[in-house]
1. Can you confirm whether the stretch 219-226 contains a residue that is touching a Phe, Trp or Tyr at 6+ places or on another chain (Cβ under 9 Å), among the hydroxyl-bearing types (Ser, Thr, Tyr) and outside any strand (DSSP E or B)?
2. Answer yes or no: is there a residue in the stretch 107-115 that is within 45 Å of the chain's Cα centre (by Cα) and of a type in the set (Lys, Arg).
3. Report the residue count in the stretch 345-369 for those that are within 19 Å of residue 509 (Cα to Cα) and either crowded, with 21+ Cβ neighbours inside 10 Å or in contact with a helix residue (DSSP H, G or I) (Cβ under 8 Å, 6 or more places away or on another chain) (or both).
4. If a residue counts only when it is within 24 Å of residue 10 (Cα to Cα), among the hydrophobic types (A, V, I, L, M, F, W, C) and out of contact with any helix residue (DSSP H, G or I) (no Cβ under 7 Å at 6 or more places or on another chain), which strands (runs of 3 or more DSSP E) contained entirely in the stretch 98-173 have at least 1 such residues?
5. So residue 338 clears everything in (1) more than 30 Å from residue 262 (Cβ to Cβ); (2) modelled with pLDDT of 90 or more except one condition, right? Which one?
6. If residue 461 passes every condition in (1) in contact with a Phe, Trp or Tyr (Cβ under 6 Å, 6 or more places away or on another chain); (2) in a strand (DSSP E or B); (3) farther than 22 Å from residue 331 by Cβ but one, which one does it miss?
7. Take the residues in the stretch 324-339 that are surrounded by 13 or more Cβ atoms within 10 Å (Cβ to Cβ), of a type outside the set (A, V, I, L, M) and out of contact with any Lys or Arg (no Cβ under 9 Å at 6 or more places or on another chain), then tell me which one is nearest to residue 303 (Cα to Cα).
8. In the stretch 442-452, is there at least one residue being part of a loop (DSSP other than H, G, I, E, B) and touching a residue at least 12 places away in the same chain (Cβ under 8 Å)?
Amino acid sequence: MHLGFYSHYAQNQDSSGSLEYSIDEGETWLPVLYMIDRDDIVRDGDGNVDAITTLENEHGDIAIGYHPDTFEEVGGYYGAYIGAEITEELAPYISGRIDDNQTESKRYELFRLPEADGQKTVRFRLAKSGTYSWYWGIDNFGIYSIAPSSMPEVVEASPAAGSQGANPMPLMTFVIKDGEAKLDPDSVKLEFNGAAADAITVSETKIGAEEGHQVTYQVTELLAPLSQNSFKLTYTEDSGDKREGVYEGSFTVGDFTSHSLPEPIAFESFDDLDEFNLPDGWAVKSYVSEAEVTNWDENPDDWTSMTYAGWTSVSLDRWKSSPYWLEKSEAPSPPVFVDGKAQFPDGNFLIADSSLRNANFVSVLETKDFDLAQHSNVHLGFYSHYCQNQDNSANVEYSIDGGETWLPVIYMLEQADIVAGDGGTADAVATFENAQGDVALVDSLLYQDEDDYWDIELLDEPIGGSYGVFIGAAIDESLAPYISGRVNDSQTESKRYELHRLPQADNQAKVRIRFAMNGTWSWYWAVDNFGLYSIEEEPNTIPAIDSIAWKGGIATISWQGAAGVRLQKASNLANPNWSDIANTQGESSANEVADQAEAYYRLIRD
């Protein structure tokens with residue numbers, strides 16, 4: 001509904017003209033227009049109209065009268081002559097006019113009355129105040145039903161049409177701002193990759209001071225890396241014409257890493273633990289320099305306290321309160337998914353955080369012994385939320401003899417500190433034994449006495465100053481393949497899902513894992529979703545094509561069939577355009593029409 005009329009008005013410095021409407025027979029009033037001298041409009045520091053101050057400020061030249069029933073004095077401020085409750089929501093309806101201008105305020109006024117739609121009774125209130133203050137004439141007063149000129153429109157989308165590098169399991173979000181026409185929330189529909197998306201939500205929202213709605217849809221299956229995905233959002237206005245709006249396009253998923261794992265032999269999410277506790281049978285040893293210990297108290301809110309002197313378990317909410325959270329909150333890039341779930345420390349997890357411990361930090365975590373006597377092809381998997389610093393290392397090893405000896409899994413340290421050996425491989429002995437002036441050096445073992453007070457036990461001699469001091473395996477050149485160079489201070493490069501074969505753990509009754517972190521104010525290492533798995537090794541060879549025979553214009557290509565192997569074809573090798581030949585997955589032969597001057601074939605394995 002709209003109200004239209006010709007308004008023959010002249011503003012004076014002390015006058016006002018107000019127009020309101022009611023849908024409850026005058027019990028309450030809704031704003032349409034408040035005309036006052038523009039010099040009397042009060043604004044805040046950002047230039048926005050302060051409606052309350054504007055309407056409630058007293059003015060010595062504004063009309064004052066007496067209430068006909070109570071004879072109480074009325075007036076002296078603009079708000080005295082309006083019917084609506086004075087709130088900041090009246091700001092958009094305050095219209096500044098030019099004092100003593102005989103043309104500027106002579107207009108045809110046309111207003112939308114949103115609350116009047118469908119109402120049985122609508123009443124109007126026109127109020128004029130002044131002291132010898134010009135005039136207000138009204139003519140051609142009419143109520144109209146006018147189709148809005150502006151539709152609701154999508155003003156924000158994620159992923160947006162045309163975007164690149166999108167999350168492979170995105171929460172699709174569209175923000176629709178109302179125009180003069182309002183959105184009909186029940187009309188919203190979304191097609192995703194050509195199929196109707198059923199589980200969409202539509203909720204009211206604000207876009208600045210304007211009304212709107214937010215539409216969300218959670219993609220529940222991983223989209224393929226680098227895949228292009230289309231969407232089409234449709235909706236209608238809530239007026240009688242039911243005009244339709246459309247927002248459509250496509251986005252391209254970024255590259256990402258995905259792992260699909262079998263049921264674990266053993267798994268620990270740490271979510272069932274109380275904070276600052278470890279799973280049964282797991283143990284920590286932490287080391288310090290006696291002279292550097294200044295805080296002997298435990299305090300979960302103080303990251304320099306003994307609570308965080310070594311490996312412990314914390315909640316994500318608590319870790320968010322720790323120093324350098326902006327850096328710690330960086331997710332893996334590209335994203336990492338395991339069984340369709342994005343990897344990031346979640347719920348409770350293990351943490352060794354030296355990012356505010358301006359001291360030498362060494363902490364070793366050993367798990368309990370796992371009985372893998374009935375399991376082969378053993379793998380260790382865990383999400384590693386790690387940041388390399390130039391002076392620290394993070395080491396993972398395993399033992400099959402109760403911790404008497406240790407076998408390598410991975411040794412993470414700064415790329416620049418890896419010594420190159422012959423043939424471009426790492427010189428493991430030099431890398432681990434070279435003296436490093438900035439690597440942690442400690443002289444005491446931390447422990448808690450029978451009353452749970454923290455104390456230290458001096459070591460016979462300090463340990464540290466080289467990376468090899470902090471590993472459990474015997475140092476020799478066989479460790480070279482397990483040294484993993486990492487980028488100093490990168491907040492994304494070392495956040496990975498680590499999945500490693502433990503060959504000597506097969507069919508062993510006592511398999512223990514060791515995590516060792518050392519540093520000096522050296523970032524952090526969080527570990528979550530720890531699991532042991534039996535994963536059958538996939539073949540790493542591809543069958544060769546045995547023969548290609550031609551007969552009657554047909555080429556027959558033969559090979560030794562195998563699961564996951566398929567045949568591809570290209571027309572040249574200078575710029576090959578390899579494409580799959582249909583229905584060859586797992587087969588051992590294919591027939592092709594020999595209609596080209598040349599053709600090339602190859603086998604590939606998924």
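The values are calculated or read from the model by the stated rules, or taken from the named source; none is laboratory data. Remember, predicted model here, so these are calculated numbers, not experimental data. No Cβ is skipped: glycine too gets one built from the backbone with ideal geometry, and neighbour counts run over all protein chains shown.
1. Kept after step one, since they are touching a Phe, Trp or Tyr at 6+ places or on another chain (Cβ under 9 Å), are these residues of the stretch 219-226: 219, 222, 225.
If we keep only those that are among the hydroxyl-bearing types (Ser, Thr, Tyr) too, we end up with none.
No.
2. yes
3. Total meeting the criteria: 2.
4. Working: elements: 106-112, 123-129, 136-144, 153-158.
Result: 106-112, 123-129, 136-144.
5. Among (1) more than 30 Å from residue 262 (Cβ to Cβ); (2) modelled with pLDDT of 90 or more, residue 338 violates only (1).
6. The failed condition is (1).
7. Residues of the stretch 324-339 surrounded by 13 or more Cβ atoms within 10 Å (Cβ to Cβ): 324, 327-338.
Filter again for of a type outside the set (A, V, I, L, M), leaving 324, 327-330, 332-335, 337.
Of the ones still in play, those that are also out of contact with any Lys or Arg (no Cβ under 9 Å at 6 or more places or on another chain) are 324, 327, 334-335, 337.
Numbers: 324: 11, 327: 16, 334: 30, 335: 28, 337: 30 Å.
Only one residue tops the list, namely 324.
8. So in the stretch 442-452, the residues part of a loop (DSSP other than H, G, I, E, B) come out as 449-452.
Filter once more, so that each one left must be touching a residue at least 12 places away in the same chain (Cβ under 8 Å): none.
No; the residues of the stretch 442-452 include none that is part of a loop (DSSP other than H, G, I, E, B) and touching a residue at least 12 places away in the same chain (Cβ under 8 Å).
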